[in-house]
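Here, each number is a calculation from the coordinates, and none is a lab measurement. Being a predicted model, the structure only gives us computed values, none of them experimental. Note: ideal-geometry Cβ built from the backbone for every residue, glycine included; neighbour counts use all protein chains shown.
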Amino acid sequence: MFELRDVWKAGGSQKDAWLLAGTTLSFPSGRRIALLGPDSAQNSAAIRLLAGIDEPDRGVIRRTGAPCWPLDFARFLEMKATLVQNANFLAQVYGVNADDMAAIAVSLSGVRAVRGKLMTQYTGPDRRALALGLTLALQFDWYFVDEKLPRPPAETAAAVEAAVADRFSRASVIWSTTKPETLEGFCDAGLLLDQGTLTFYSTFAEAVDAFQQAYGTEAGKQNDRKSRKADRRRRAARRSGEIDPQNLG
């Protein structure tokens, strides 16, 4: 179960005074939920709030089970520590084996870990790959995706996709997008973020209908154009190694 009680969160601009304004709702676990909104920055802010990275200004958010940080979020790493030290800390927090965590991170990242090497000494892409590997070494109850999954190195893309599919199969997922058609076939429910309100829909189709109605016929036309481009994007994603939600089952 996921519950928001009278949650208020300021928006990031004068135009969007409130991201959420007194939102109270609950929705069940065990679902794959699309968070639909027309503004990617607002969607990102909502994902960070739901994941617990940011706190509400007022109100309470409760989740049953352990939430994961958004999958493209790497700031959980202690940059002045080694990979093994980061794995040791996470293993203590989540009650898993630190050696297994470090080994999984190396395997999924394709990065050669060097004993004593601090995270600050790795390149940016290597740090992001190791952060994703450490994340996927843990099983959470709630996963959060901001628009797209992180792009893994080409040589480990298949293994990362399999790991993501496995983790998601045993958890709840909230995935934000401005393009509902990209999550068709993956999500089975939806949240609509609309001018300070957040509304849950028990089916994906109902959420998409509400999204299109909220943003008029132009949004519908744009979605029609986007849907015609969806197959081309998926083919390009496969060529580039980007994980397609349709492959996650």
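Please give the peptides 43-56, 78-91 ranked by average Cβ packing (other Cβ atoms within 10 Å per residue), highest first, as a rough proxy for protection. Walk me through the numbers before you get to the answer.
Details: 43-56: 19.6, 78-91: 17.8.
Highest-to-lowest ranking by the protection proxy: 43-56, 78-91.
Mind checking the dipole of region 1-157: about its Cα centre, +1 per Lys or Arg Cβ, -1 per Asp or Glu Cβ, Debye to the nearest 20?
180 debye
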Give me the angle, in degrees from 0 to 90, between the Cα long axis of helix 216-240 and the longest principal axis of the Cα atoms of the chain, rounded to the nearest 10.
20 degrees
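Could you put E181, E155 in order, starting from the residue whose Cβ has the fewest other Cβ atoms within 10 Å? Show your work: numbers first, answer last.
Details: E181 16, E155 10.
Listed from fewest to most nearby Cβ atoms, that is E155, E181.
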Amide proton proximity set for L20, modelled H, under 5 Å, gap of 5+
K9
Helix 83-94 axis, angle to the chain major axis (alpha carbon atoms, nearest 10°):
60 degrees
For the chain, what number of Lys pairs, 8 or more residues apart or on separate chains, have alpha-carbon atoms under 26 Å from each other?
14
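Mind sorting R115, R31, R58 by how few other Cβ atoms lie within 10 Å of their own Cβ, fewest first? Let's see the in-between values first.
Numbers: R115 7, R31 18, R58 13.
The fewest-first ordering by Cβ neighbours comes to R115, R58, R31.
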Helix 40-51: angle to the longest alpha-carbon principal axis of the chain, degrees 0 to 90, nearest 10?
60 degrees
